[in-house]
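Some notes on the structure that comes next.
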Amino acid sequence: MAKGKKKETLTPEERLQAALVPESEQPYKLPENWCWVKFGTVCKFENGYAFKSDQFTKNQGIPVIRISNIVDNSIVLDDCVYTTEINIDSKYIIDKGDLLIAMSGATTGKNGIYYSDKIAYLNQRVGNIKVINERVLNSFFRNFYILNIEQQILNLAYGGAQPNISSSKICDMSFPLPPLAEQQRIVERIESLFAKLDEAKQKAQDALDSFETRKAAILHKAFTGELTAQWRKEHGETMESWTHNSLGKYLQPSESKKPQGEEFRYIDIDSIDNINQVVREPKKVLVKNAPSRATRGLKTNDIVFSMVRPYLKNIAYIDESLSDCIASTGFYVCRCKQNLLSRYLYHFLCSKDAIDYLMQFMKGDNSPSIRKNNLLEMPVSFPLILEQTEIVRILDDLLAKEQQAKEAAEGVLEQIDLIKKAILARAFRGELGTNDPKEESAVELLKQVLSC
C-alpha cells in the first residue's frame, strides 16, 4: 500500500500492487496465469464475541460455537451451549458454509465448516474466515487451502502453554490464486480423489473396528471346544476329557522378591499395552526408590493380571526376556502347575468371557478392584495338555494373522492421510493437471474487482 494513503484513496493500480505478493516474497513458482496475493485480499476475518457465560444455557436461545465444537473439519452442535443474549452484532452470526478456525490453545489452527441451517453465534477464540467476493474466490477452494496449511497456521502461533494466532497474521499470509474456473476444477479433482480415498479409508476402518469382535469370537471358540472339534475327532477325544474346576486349582503360589543391586526392572500397570496385552517396556527403578510394599518376583511363563479397574485388560505373558523383572502389587502373578500351559492360560485370561465374568466382582469407589479369591475361584473348563497345546498353536497362528491385518489397516489409514496431504500440496502448486494456460490470468480478474 502506498505510504500515507488510506485504502479508499488508492488508485486501482495501487490497490492491485498492495494485494499482490512481491516476487521476492513468493513461496514458490506458480503457473503463469496464477498469482500470489495476500490472503486478506480475498478473505476477511471475523473474530468471535465474548459472550457472558452466566447467560449460557443447555438448550434455550441461540447456539454459541466454541473451539470444542470444531470436530473433524466440521462444526458439531451436539454439545454446544446456547445464549439468551440479544442485540448481537450481525458480524458474529455464522452462515451456512462459513469456515471457522481455532485461534488459541493446543488445537490452534484446527478448522471446520458450518453445515447447519440453524442460526449460530461465533464465540471468542474462534475465527470466521469469509470469502470477500465469490467472483474471485471459490469458498470450497478456500476450505481446502486452509485444510492444507493447518500446520503452517500453528507454526505462526505465539505464546507458550496457550498458543495464539492473530487474524492479521492469517490475512498477511501468501495465497496462491488461480483463475476462478481453475479453482472449480481443482475443487472437483480434490473431491473426486478424496471420495475414492474415503471409500478405502472406510473399509480399513471397518476392518480395524471389527478386530476386537473377531478376536473375541476366536477366543470364545477356543475355550468352548469349537476350535479343536476336528482335532478331537482325529485323536479319538471328546469334550468329556475337559476338566471342570476353579482356576486356583491349576495355579501355584507366586513369590515376593526384594530388589537387589542398584536398580531393577519394574513392571507396573502403565507398563502394559492393554490393546495388544504385552509389556511395552519395563521401567528402570533405583533400589533405594523401590516401592515399600512387597513386590512380585517373576519367572519365564508367568502371567501378570491386573486386579484394578479400568486396567483389568492389562495382562501380559512373561517370556525369558522379562524373567528378571519385578511386578507391581497391582498384579496377580499367575504361575501354572504342570496340568496347565501358561500360554493357554494367557489366551484364556485375555478372552472377553473371562474379563466379563470378573467385571461383576469389581468393588470400591475410588479405585475399584477384584479380590484375589474372585480370580482364583473363577470356574473354568480346561482340556488335557495335548489339546491345550493344539489350541495354543491355532490361537498363536490365528491371532498373529489378525494382528497383521490390524496393523495393515492402521497402515492404510496412516497412508491415506499422507496421500491426502500430498494431493492438497500439489493442488495449490497447480500440479493436478487441471490448469488451462489459455485462461485469462487471475491478475486480470483481480484488476476488474479492485477497480470497482
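Among the numbered conditions (1) within 30 Å of D353 (Cβ to Cβ); (2) touching a strand residue (DSSP E or B) at 6+ places or on another chain (Cβ under 9 Å); (3) of a type in the set (K, R), the only one that K130 does not meet is (1). Looking only at residues of region 241-272 that are modelled with pLDDT under 90 and within 26 Å of F382 (Cβ to Cβ), we find that the one that is least open to solvent (accessible area, probe 1.4 Å) is S254.
Taking L197, is it out of contact with any Ser or Thr (no Cβ under 7 Å at 6 or more places or on another chain), closer than 30 Å to F140 by Cα, assigned to a helix (DSSP H, G or I) and open to solvent by less than 30 Å² (accessible area, probe 1.4 Å)?
Here the answer is yes, as L197 does meet what is asked.
Can you tell me which residue is farthest from F264 (Cα to Cα) among those in region 284-311 that are assigned to a loop (DSSP other than H, G, I, E, B) and touching a helix residue (DSSP H, G or I) at 6+ places or on another chain (Cβ under 6 Å)? That would be Y311.
Looking at the structure I just gave you, is P310 within 28 Å of the chain's Cα centre (by Cα), more than 27 Å from L384 (Cα to Cα) and free of Cβ contacts under 8 Å to residues at least 12 places away in the same chain? Reasoning before the result, please.
On the way: within 28 Å of the chain's Cα centre (by Cα): yes; more than 27 Å from L384 (Cα to Cα): yes; free of Cβ contacts under 8 Å to residues at least 12 places away in the same chain: yes.
Spelling it out, P310 is indeed within 28 Å of the chain's Cα centre (by Cα), more than 27 Å from L384 (Cα to Cα) and free of Cβ contacts under 8 Å to residues at least 12 places away in the same chain.
When A290, A294, A316 are checked against the criterion of being of a type outside the set (F, W, Y) and modelled with pLDDT of 85 or more, a single residue qualifies: A316. Assess whether E226 counts as being touching a helix residue (DSSP H, G or I) at 6+ places or on another chain (Cβ under 9 Å), open to solvent by 30 Å² or more (accessible area, probe 1.4 Å), more than 30 Å from N148 (Cα to Cα) and at pLDDT below 95. Spelling it out, it is not the case that E226 is touching a helix residue (DSSP H, G or I) at 6+ places or on another chain (Cβ under 9 Å), open to solvent by 30 Å² or more (accessible area, probe 1.4 Å), more than 30 Å from N148 (Cα to Cα) and at pLDDT below 95. Please indicate, with yes or no, whether at least one residue in region 279-300 is polar (S, T, N, Q), open to solvent by 50 Å² or more (accessible area, probe 1.4 Å) and either under 24 Å from Y344 (Cβ atoms) or in contact with a Lys or Arg (Cβ under 8 Å, 6 or more places away or on another chain) (or both). Yes, there is a match, as at least one residue in region 279-300 is polar (S, T, N, Q), open to solvent by 50 Å² or more (accessible area, probe 1.4 Å) and either under 24 Å from Y344 (Cβ atoms) or in contact with a Lys or Arg (Cβ under 8 Å, 6 or more places away or on another chain) (or both). Within region 159-179, the presence of at least one residue that is assigned to a helix (DSSP H, G or I) and of a type in the set (A, V, I, L, M, F, W, C) is confirmed. If you go through region 37-61 and keep only what is touching an Asp or Glu at 6+ places or on another chain (Cβ under 8 Å), open to solvent by less than 60 Å² (accessible area, probe 1.4 Å) and in a strand (DSSP E or B), you end up with just K38.
In region 276-294, the condition of being within 27 Å of P383 (Cα to Cα) and not hydrophobic (A, V, I, L, M, F, W, C) is met by at least one residue.
Okay, residues lined up against (1) surrounded by 15 or more Cβ atoms within 10 Å (Cβ to Cβ); (2) over 20 Å from E199 (Cβ atoms):
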site: Q403; (1), (2): no, yes
site: A408; (1), (2): no, no
site: G411; (1), (2): no, no
site: I416; (1), (2): yes, no
site: K421; (1), (2): no, no
site: L424; (1), (2): yes, no
site: F428; (1), (2): yes, yes
site: P437; (1), (2): no, yes
site: A442; (1), (2): yes, yes
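Looking at region 67-129, what strands (runs of 3 or more DSSP E) fall wholly within it and have at least 3 residues that are in contact (Cβ under 8 Å) with a residue 40 or more places away in the chain? Walk me through it before giving the result.
Numbers: elements: 81-83, 99-102, 111-113, 120-122.
Because the criterion is at least 3 residues that are in contact (Cβ under 8 Å) with a residue 40 or more places away in the chain, the strands (runs of 3 or more DSSP E) in region 67-129 that meet it are 111-113, 120-122.
Whether a residue is among the acidic types (D, E) and crowded, with 19+ Cβ neighbours inside 10 Å was assessed, and D89 does not pass this test. Only one of the listed residues (F140, F175, F144) is closer than 17 Å to I70 by Cβ and at pLDDT 95 or above. That residue is F144. In the condition set (1) within 23 Å of F140 (Cβ to Cβ); (2) surrounded by 20 or more Cβ atoms within 10 Å (Cβ to Cβ), V64 is compliant with all but (1). Residue count for region 105-150 satisfying the condition of being surrounded by 19 or more Cβ atoms within 10 Å (Cβ to Cβ) and touching a Pro at 6+ places or on another chain (Cβ under 9 Å): 6. Considering only region 157-171, I want to know if a residue exists there that is open to solvent by less than 10 Å² (accessible area, probe 1.4 Å) and more than 17 Å from M103 (Cα to Cα). Within region 157-171, not a single residue is open to solvent by less than 10 Å² (accessible area, probe 1.4 Å) and more than 17 Å from M103 (Cα to Cα).
Of the numbered criteria (1) in contact with a helix residue (DSSP H, G or I) (Cβ under 6 Å, 6 or more places away or on another chain); (2) more than 26 Å from E237 (Cβ to Cβ); (3) modelled with pLDDT of 95 or more, the one I370 fails is (3). Selection of region 349-380 for residues being closer than 19 Å to T300 by Cβ and either among the small types (G, A, S) or open to solvent by 10 Å² or more (accessible area, probe 1.4 Å) (or both) yields only C350.
The values are calculated or read from the model by the stated rules, or taken from the named source; none is laboratory data. None of these values were measured; they are calculated from a predicted model. A quick note on method: Cβ atoms are made from the backbone with ideal geometry, for glycine too, and the neighbour counts reach across all protein chains shown. The area values use the complete protein model at the heavy-atom level, side chains included, leaving out ligands, DNA and RNA. Shrake-Rupley method; radii C 1.70, N 1.55, O 1.52, S 1.80 Å.
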